[in-house]
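Have a look at the structure below before the remarks.
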Amino acid sequence: MNTNTTKQQPSPTLTTGEAINFWPAKTMEPMKIGGPRLRCRFINAHPIGPWDDFILSEWELEACAWEDFHPHSETNFVVEGELHIESQGKTVILKPGDSARVNPGGVGRYWAPVYSRMVTVYGPNPEGLASHSFRYEEI
């Protein structure tokens, strides 16, 4: 009898093969591995397992910082507020309408001294390598 209850994570469903893909609205929720000032919603898929397309999400940071290592690119487009991003010794400050990409294979630190809301696009991750080194900090 096999008592192993580990389940294989399903690959994200990004495209349906239909003329239009539709994803109903979801509420912003605090990150389970973050804190109450870091909220997000993944729009078309969760970043679990391999994916060959893109993953779209929306984030809010309220006087907090988030840091992680990801094997895929991450592009942030600021809608409101001010977002600071640091990776591999380089820092940029984004205001509404600005965007920046953190390229794969490094740690990215994202922080909002007051508030920031942004739309984020994760690039492909065909091998399904996991993000790690998560760190949340209130400012």
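The values are calculated or read from the model by the stated rules, or taken from the named source; none is laboratory data. Note that the coordinates shown come from a computational prediction; the quantities given were computed from them, not determined experimentally. No Cβ is skipped: glycine too gets one built from the backbone with ideal geometry, and neighbour counts run over all protein chains shown. With ligands, DNA and RNA removed, areas are computed over all heavy atoms of the protein, side chains included. Shrake-Rupley method; radii C 1.70, N 1.55, O 1.52, S 1.80 Å.
Of note:
- If only residues of the stretch 110-129 that are of a type outside the set (Ser, Thr, Tyr) and under 12 Å from the mean Cα position of the chain (by Cα) are counted, the one that is nearest to residue 53 (Cα to Cα) is 123.
- Residue among 80, 67 that is farther than 20 Å from residue 127 by Cβ, among the acidic types (Asp, Glu) and more than 15 Å from the chain's Cα centre (by Cα): 80
- Condition check for residue 45: touching a residue at least 60 places away in the same chain (Cβ under 8 Å), crowded, with 18+ Cβ neighbours inside 10 Å and not charged (D, E, K, R): no
- Sub-8 Å Cβ pairs linking a first residue in the stretch 116-139 that is touching a residue at least 60 places away in the same chain (Cβ under 8 Å) and hydroxyl-bearing (Ser, Thr, Tyr) to a second residue that is open to solvent by 70 Å² or more (accessible area, probe 1.4 Å) and assigned to a strand (DSSP E or B), at least 6 apart or interchain, are 120/77, ordered by first then second residue.
- Residues that are within 17 Å of residue 64 (Cα to Cα) and open to solvent by less than 50 Å² (accessible area, probe 1.4 Å), drawn from the stretch 93-108: 94, 108
- Checking residue 59 against (1) modelled with pLDDT of 95 or more; (2) open to solvent by 80 Å² or more (accessible area, probe 1.4 Å), the condition it does not meet: (2)
- Within this structure, residue 100 fails the test of being touching a strand residue (DSSP E or B) at 6+ places or on another chain (Cβ under 7 Å) and closer than 13 Å to residue 136 by Cβ.
- So residue 73, is it closer than 12 Å to residue 120 by Cα and hydroxyl-bearing (Ser, Thr, Tyr): yes
- Residue within the stretch 20-30 that is at pLDDT 90 or above, among the β-branched types (Val, Ile, Thr) and surrounded by 11 or more Cβ atoms within 10 Å (Cβ to Cβ) present: no
- Of the residues making up the stretch 62-75, just one is within 19 Å of residue 117 (Cβ to Cβ) and either modelled with pLDDT under 95 or open to solvent by 50 Å² or more (accessible area, probe 1.4 Å) (or both), namely 62.
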